[in-house]
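One structure, as structure tokens, below. Some questions next.
The values are calculated or read from the model by the stated rules, or taken from the named source; none is laboratory data. Keep in mind that what you see is a predicted model, and the values were worked out from it rather than measured. Cβ placement follows ideal geometry from the backbone for every residue including glycine, while neighbour counts extend to all protein chains displayed. For the accessible areas, the whole protein counts, side chains as well, though only heavy atoms, and no ligand, DNA or RNA atoms are used. Shrake-Rupley method; radii C 1.70, N 1.55, O 1.52, S 1.80 Å.
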Amino acid sequence: MSHVVLVVEDETDIRKILCFNLRSEGYEVLEAGSAEEGMDLMSGQVSLILLDVMLPGMSGFEMARKLREHDGSTVPIIFMTALGDEEYILEGFSSGADDYISKPCSFNELNARIKAILRRTGGASQDKVIQI
């Protein structure tokens with residue numbers, strides 16, 4: 001089973017490039033232009049969320065908090081944003097991020113971070129069942 005990555009990015013060109021590259025690496029990709037659209041696409045099949053911060057409507061920070069605090073989701077979240085100041089990085093982690101990467105970045109670095117998180121979590125989702 002391939003991992004499903006949800007890309008939440010409002011800039012269409014960036015989203016399309018990310019999705020193309022992720023698909024070329026063998027990931028199944030869901031894409032959303034807003035946090036609200038991203039929330040609608042959340043399901044037990046999502047292995048990882050690649051999330052921008054500055055989105056129309058609900059921010060990425062708000063989406064992460066909602067997923068963590070209200071929905072109890074354990075799906076790994078990587079923030080990928082132009083906001084690289086320490087205060088934003090700290091807010092990202094406090095809102096539930098597993099990683100935080102500043103734009104622009106190389107796809108190779110992003111892919112390495114995705115692989116590392118999926119290796120550690122197994123692409124954890126809230127519906128995962130462990131049998132012994």
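Relative contact order for the stretch 16-132 using alpha-carbon pairs under 8 Å, separation at least 6, rounded to a whole percent?
26 percent
So for the chain, taking the charge dipole from beta-carbon charges (+1 Lys/Arg, -1 Asp/Glu), which of Leu18, Gly44, Ala97 sits furthest toward the positive end?
Of the options given, the answer is Gly44.
Against the 2.2 N^0.38 Å scaling, with N counting residues, where does the stretch 4-71 land? I'd like the Cα-based Rg ratio to two decimal places.
Normalised Rg, Cα atoms only: 1.04.
Just the number, please: carbon plus sulfur as a percent of the accessible area of the chain, 1.4 Å probe, no ligands or DNA/RNA counted.
51 percent
On the first, second and third principal axes, largest extent first, how far apart are the outermost C-alpha atoms of the stretch 51-93 in Å?
28, 21, 14
At a Förster radius of 22 Å, what calculated FRET efficiency corresponds to the Cβ-Cβ distance of Ser102 and His70, to the nearest 0.05?
The formula returns an efficiency of 0.20 here.
Which value, in nm² and rounded to one decimal, describes the direction-averaged projected area of the C-alpha convex hull of the chain?
The directionally averaged projection comes out at 7.8 nm².
Provide the gained length on full extension for the span Phe20 to Asp40, in nm with one decimal, where the gain is 0.36 nm per separating residue minus the Cα-Cα distance.
So the extension gain works out to 5.0 nm.
Tell me, what is the per residue accessible area of the chain in Å², probe radius 1.4 Å?
Roughly 52 Å² per residue, with all protein chains present.
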